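Each value in this text was obtained by applying a stated rule to the coordinates, not by laboratory testing. Bear in mind the structure is a predicted one, so any value in this text is a computation, not a measurement. Please note: Cβ atoms are built from the backbone with ideal geometry, for glycine as well, and neighbour counts cover all protein chains shown.
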Amino acid sequence: MKSAIFSATRVLAACAALVAVATMGLAQQDPYKPQPPSQPQQKGPQVPEGERRAVEKIQTTLDIAAKMKAAGEFLKKFPKSTLRAEVVGHLGSQVTKMPDATQQIAQLESLAAMFDQPSEAQTIYPALIEAYIKAQRIDDSFTAATKLLEKNPNDVSTLLRMSILGTEQIKVKNLKYVQTSQQYAAKAVGLIEDDKKPDTLNAEQWGDYKTRWLPHLYYLLGFMSYFSDNKPGAVEHLEKAVGLNSQDPMTYVLLGTIINDEYETLAKKFQGLTGGPLKEETLKQAQAKMDQVIDQFARAVALSEGQEQYKQLHDQILPSLENYYKYRHNNSTTGLKELIDKYKKP
């Protein structure tokens, strides 16, 4: 039995190191990632000529600092203008094109101070959060998220973004925002399951949240629960993730890791026993856990095979799977390929 003990350290290292890879790959495509804000077409009563000219001045001025100054003058003259959203959209799109995150932050902070309505915060703060993250100002990104959520508490996009960020921080051993991120993820899950679509998302994007992001949120909750030493909670969340999306290899890695922890506990117990029925029963229990680990890792290997974003995951989990499988099958891998193939996508 001693030779069967496989340390979970390598598996956990793979899982922690790859969480950013998995979430970043998704973030590059997801609907919450800030895009250059659109400029709404003016509707309703005709805007006074002076007001329209003030907006055109902002739009035609080339220098960002001059644009911001013109925006401040516009607000003083027309604080209740129906063109505020158009101005914010234009300025936001220009600032997000700036290559330097520090410059983006300075301008977006100024923009947020001038335009403080909830709908305007929805345009400014997601871009500001991303700029803070790019500048590695994690505390500021969570502070900005708090301010945005105070104005728009059902902003599922920001809740998701910060849940992912909190999970990424676990990778670098920053556990400061685990609890906050768990709360954000749970709130996002509730909004999606209750079908509370924000006005900022269209029907197609909302459908994506239901089918794609809901299972990933459950995975994030499982990951954070695991690192909060709540393994039963982690299993519950991960099983929900599998029920919603059975094709995510990361979920099976984490489930296998949790079961592996249970196996190691039984293995150590077995080593401390002198013999008799209890030792035999403990051996059976440990072997059953090992078989479950094999099954979970086989699923992960099958679903990660041939996918570039999961290549490192695949290459790190496969040797662990082979070690366990050989122990349970007389030092042979005969049948392992068939087991893996069984779990590949149809």
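Using only alpha carbon pairs under 8 Å that are at least six residues apart, calculate the relative contact order of the stretch 32-200 and give it in whole percent.
Taking the mean separation of contacting Cα pairs over the length of the stretch 32-200, I get 18 percent.
Just how large is the dipole of the stretch 32-200 about the Cα centre, in debye to the nearest 20, putting +1 at every Lys and Arg Cβ and -1 at every Asp and Glu Cβ?
My answer is approximately 160 debye.
First check a/c for the stretch 199-346, with a ≥ b ≥ c the square roots of the eigenvalues of its C-alpha gyration tensor; if it is under 1.5, answer rounded, and if not, answer prolate when a/b is larger than b/c or oblate otherwise.
The shape class here is oblate.
In whole angstrom, how far apart do the alpha carbon centroids of the stretch 153-182 and the stretch 318-340 sit?
The stretch 153-182 and the stretch 318-340 have Cα centres separated by 37 Å.
Using only Cα atoms, what is the ratio of the radius of gyration of the stretch 32-200 to 2.2 N^0.38 Å?
In units of the 2.2 N^0.38 Å rule of thumb, it is 1.11.
Exactly which trypsin sites (Lys or Arg not before Pro) in the stretch 40-127 are in a DSSP loop and have at most 12 other Cβ atoms within 10 Å?
When the trypsin sites (Lys or Arg not before Pro) of the stretch 40-127 are filtered for loop state and at most 12 Cβ neighbours within 10 Å, Lys43, Lys80, Lys97 remain.
Between the helical axis of 118-134 and the dominant principal axis of the chain, each derived from Cα atoms, what acute angle in degrees is found, rounded to the nearest 10?
Helix 118-134 and the main axis of the chain meet at about 50 degrees.
Quick one: Met68, Met162, fewest Cβ neighbours within 10 Å first, how do they rank?
Met68, Met162
Just to check I understand the Karplus step: with θ = phi - 60° and J = 6.51 cos²θ - 1.76 cosθ + 1.60, what whole-Hz values come out for the stretch 315-328, glycine and proline as x?
5, 8, 7, 4, x, 5, 4, 4, 4, 5, 4, 5, 4, 7
Nearest 20 debye, what's the magnitude of the dipole of the chain about its Cα centre given +1 on Lys and Arg Cβ and -1 on Asp and Glu Cβ?
Here the size comes out at about 280 debye.
If I take all pairs of Cα atoms in the chain, what percentage of them are more than 25 Å from each other?
Summing the P(r) of the chain above 25 Å gives 60 percent of all pairs.
With unit charges on the beta carbon (Lys/Arg positive, Asp/Glu negative), name the residue among Ile192, Gln309, Gln296 whose Cα is farthest towards the positive pole of the charge dipole of the chain.
Of the candidates, Gln309 comes out farthest on the positive side.
Mind listing the phi-derived Karplus ³J(HN,Hα) values for the stretch 201-218, rounded to whole Hz, using 6.51, -1.76 and 1.60 with θ = phi - 60°, and x for any glycine or proline?
Coupling constants for the stretch 201-218: 10, 8, 4, 5, 5, 5, x, 5, 4, 5, 8, 10, 8, 4, x, 5, 5, 5 Hz.
How would you rank Asp248, Asp341, going from fewest to most other Cβ atoms within 10 Å of each one's own Cβ?
Fewest-to-most ranking of Asp248, Asp341: Asp341, Asp248.
So which of Lys173/Lys240; Lys77/Lys147; Lys289/Lys326; Lys240/Lys269 end up more than 23 Å apart, counting from Cα to Cα?
Lys173/Lys240; Lys77/Lys147; Lys240/Lys269
Per residue of the stretch 269-283, in order, report the coupling 6.51 cos²θ - 1.76 cosθ + 1.60 (Karplus, θ = phi - 60°) as ³J(HN,Hα) in whole Hz, putting x for Gly and Pro.
4, 4, 5, x, 8, 8, x, x, x, 5, 5, 5, 5, 5, 4
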